[in-house]
Amino acid sequence: MDPQQMLFAETHEWVAIEEQGDSKVATIGVSQFAVEQLDGVVYVELPRVGEQVAAGASFGEVESVKAVSNLYCPVDGEVVEVNESLKDSPALMSDDPYGQGWVAKVKLSSDAALGKLLDKAAYDKQCGESQ
Amino acid sequence: MAAWEETRVSSASDESLKTTPLHAWHASHGARLVPFAGWEMPVQYAGLVEEHLACRTAAALFDVSHMGRLDFVGGDVETWLDGLVTRRVVGMADGAVRYSLVCDESGGVLDDVLIYRLPTEDGRGQFSLVVNASNRDKLVAWFQRHGADGSRVGLLDRTWETAMIAVQGPLALQVVSEWLGWDPSSLRYYTAVRGDSPVGSLLVGRTGYTGEDGVELVVNRASAERVWTELLALGESRGVKAAGLGARDTLRLEAGMPLYGHELNEQQSAADAGLDFAIQLKDREFVGSTALRAARSAGSGQRRVGLSLAGKRPAREGCSIVVEDRVVGIVTSGSPSPTLGHPIAMGYIESSLATIGLEVEVDIRGSRHGAQIVELPFYRRPGK
């Protein structure tokens, strides 16, 4: 997936929106910048399929050697798929954060939260300022 | 991603934080600087795991200048200090180093320290203590209250005028020897000596906090950066790296060593900590000895243990240890082990359950994960 086409949360999750019939499905992952800061992902606690999630709420965890970090859901909706391969290979998140390291797919119940997300340029600016 | 938020807040330089003489070097070499015990310290440079493994396979340099360095002098210093620490210091030979606890009356731990007996020019000798940065002010006040205000002994706080650099790993002694121009491997483990070096006199102690062989050097503040950069330059081609507090923590955890504020604190009795070698009660009285003697004969309620976790998910400080649906203990430190490749932890458990091999569960934020009580240390260097 092309990060230039993605939206980003201030909390470093990325979102790629796909139209599926009448509904929209968001694929969610963690930005390259954030996984580099984490220095090696050792475990990912995934959300559950079928779970209703709200934008801004914690829906998973990422463990690195140093610390545990919450994964915040950037959209409202229902979890329809999770990346089971992260269970055995959490390093996929570090190695390929915008591809094989995706976390979950959420079927949107509303578009409301999308307006709060940043495009790649604005997100990069945020990361640059906090360096 | 909360960990990142924490980093962002702390990367802004805070002027109220103390800095070591190596701070400028850290800042200009990619260190992520964080507040630690009132100091701004490097938590990592390129990466924690890489620094951890460098220490296990080559050597790593740690800036530990934030730790308190206190000298105690006076004719009566040996007897005086013996009344305040859990380890016998009477009869220590010049150059001996001992790990000890400092306890309060109830047997709670005020700090864990290294005690050095060092010769002085007047022949009377002195004791030097290396104490945790977070406890330095507390200990200075406590020692002063107990006579180190000049009434019995003198206390000189050398923390500011010196720097301390730990060089740890299988190549540590070789690199340090090349730099010093003499071989510190003649020093036995847990001994120290003042010697010459390219920057003049310094203290070399064969001690450390990583489970590896190595030394800790105490040098003048003004020489710190030169010592650091010269050691690094000598070792770089052989894989020697600068390492931050992050790797220091995972290394000491693998080595089964307690960390003050986690395994040790004022509330937990020293008798529970599995550090009996450092608590010498026979024919001695010191602050806390009455309480510790009682705890030892009654059998204390809890015991420090090591845990090896079955899955990939690490237990962290504060996680409950559960046996048959009953909370029987608490995790005090936990991390993935970069050397072993699975999560490890230390914690306190009811002493009747502190049995090697016992299967327990650890509650990690609401979900239970299998773990086993294992012998400490988790890691022992080859040949030891």
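The values are calculated or read from the model by the stated rules, or taken from the named source; none is laboratory data. Keep in mind it's a predicted model, so treat the numbers as computed, not measured. Neighbour counts run over all protein chains shown; Cβ positions are idealised from the backbone, glycine included.
Values for this structure:
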read-out	value
Residue in the range B:47-64 that is part of a loop (DSSP other than H, G, I, E, B), within 12 Å of chain A (Cβ to nearest Cβ) and in contact (Cβ under 8 Å) with a residue 40 or more places away in the chain present	no
Filter pass, B:Leu187 being surrounded by fewer than 19 Cβ atoms within 10 Å (Cβ to Cβ) and under 28 Å from B:Ile279 (Cβ atoms)	no
Residues of the range B:337-381 satisfying the condition of being under 16 Å from B:Arg56 (Cβ atoms) and free of Cβ contacts under 8 Å to residues at least 12 places away in the same chain	B:Gly341
Conditions (1) in a loop (DSSP other than H, G, I, E, B); (2) without any contact (Cβ under 8 Å) to a residue 24 or more places away in the chain: number failed by B:Thr79	(1)
Strands (runs of 3 or more DSSP E) wholly inside the range B:315-384 that include at least 1 residues being closer than 19 Å to B:Leu264 by Cβ and at pLDDT 95 or above	B:320-323, B:326-336, B:343-350
Failed item in (1) touching a Phe, Trp or Tyr at 6+ places or on another chain (Cβ under 8 Å); (2) surrounded by fewer than 19 Cβ atoms within 10 Å (Cβ to Cβ), with B:Gly123 passing the rest	(1)
Considering residues of the range B:190-238 that are of a type in the set (S, T, N, Q) and surrounded by fewer than 22 Cβ atoms within 10 Å (Cβ to Cβ) only, the residue farthest from the chain's Cα centre (by Cα)	B:Ser237
Search result, residues across the range A:26-42 that are surrounded by fewer than 24 Cβ atoms within 10 Å (Cβ to Cβ), closer than 11 Å to A:Ala104 by Cα and at the interface with another protein chain (Cβ under 9 Å from one of its Cβ atoms)	none
Verdict on B:Leu292 being assigned by TED's automatic domain parsing to the domain that holds B:Ile364, outside any loop (DSSP other than H, G, I, E, B) and under 23 Å from the mean Cα position of the chain (by Cα)	no
Selection from the range B:173-201 of residues that are assigned to a loop (DSSP other than H, G, I, E, B) and on the phi < 0 side of the Ramachandran plot	B:Trp182, B:Asp183, B:Leu187, B:Arg188, B:Tyr189, B:Asp196, B:Ser197, B:Pro198, B:Val199, B:Ser201
Selection from the range B:202-226 of residues that are part of a loop (DSSP other than H, G, I, E, B) and in contact with a strand residue (DSSP E or B) (Cβ under 6 Å, 6 or more places away or on another chain)	B:Arg206, B:Thr207, B:Gly208, B:Thr210, B:Glu212
Checklist (1) closer than 23 Å to B:Thr290 by Cα; (2) surrounded by 14 or more Cβ atoms within 10 Å (Cβ to Cβ); (3) modelled with pLDDT of 95 or more applied to B:Arg117, failing item	(1)
Cross-chain or 6+ apart pairs with Cβ under 6 Å, the range B:127-140 first and under 13 Å from B:Val102 (Cβ atoms), then part of a loop (DSSP other than H, G, I, E, B)	B:Val130/B:Met67
Within the range A:43-131, strands (runs of 3 or more DSSP E) holding 1 or more residues that are within 13 Å of another protein chain (Cβ to nearest Cβ) and surrounded by 16 or more Cβ atoms within 10 Å (Cβ to Cβ)	A:58-64, A:68-72
